[in-house]
Amino acid sequence: MQPKRCCIACRSRKDKNELFRIVSEQGKAVLDRNHNINSRGIYLCKDKKCINSAIKSIEKNRMNLKIKIENESILEVLRELGEEIWEN
Ligand SMILES: [Zn+2]
């Protein structure tokens with residue numbers, strides 16, 4: 001059985017293929033599209049609502065990401081993901 005992962009925004013547990021994975025590489029956020037970068041990661045639903053709510057919490061410094069990652073770099077990745085989802 002696939003392990004479930006927890007979305008940083010809505011906290012629901014899902015299969016990892018339903019989630020975006022973002023890892024920290026030297027403190028910079030990198031989108032791990034194939035879930036194969038060997039680094040600690042955070043997970044987020046492929047859902048506009050969760051992306052927006054994560055952006056808001058990170059902007060207000062209200063999110064404990066539990067990995068060392070620069071807020072600005074993660075916001076950049078999240079905004080790109082947001083735009084990608086808009087287009088679909
Ligand atoms: Zn979510």
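When the Cα positions of I55, Q2, I67 are compared along the charge dipole of the chain, Q2 comes out farthest toward the positive end, with charges on each C-beta of Lys, Arg, Asp and Glu. The value obtained for segment 4-87, namely the Cα convex hull volume divided by the number of residues, is 82 Å³ per residue. Given springs between every Cα pair under 10 Å in a Gaussian network model of the chain, which of I67, I55, I42 has the largest fluctuation? Highest fluctuation among the options: I67. For the pair K48 and R62, the difference between a 0.36 nm per residue extended length and the Cα-Cα distance amounts to 3.1 nm.
Placing +1 on the Cβ of every Lys and Arg and -1 on the Cβ of every Asp and Glu, with no other charges, gives the chain a dipole of roughly 600 debye about its Cα centre. Listed by chain and number, the aspartates and glutamates placed with their C-alpha closer than 15 angstrom to that of K46 are D15, E18, D32, E80, E83, E84, E87; residues fewer than eight positions away on the same chain are left out.
Calculated [222 nm] ellipticity per residue, helices only, for the chain: -10500 deg cm²/dmol; basis is -39500 (n - 2.57) per DSSP H run with n ≥ 4, divided by all residues, nearest 500.
Across the chain, the relative contact order, built from alpha-carbon pairs under 8 Å that are at least six residues apart, equals 28 percent.
Quick note: the coordinates plus some simple rules give every number you see, no bench work behind them. Everything numeric in this text was worked out from a predicted model, so none of it was measured. For neighbour counting, all protein chains shown are included, and Cβ atoms are generated from backbone atoms with ideal geometry for every residue, glycine included.
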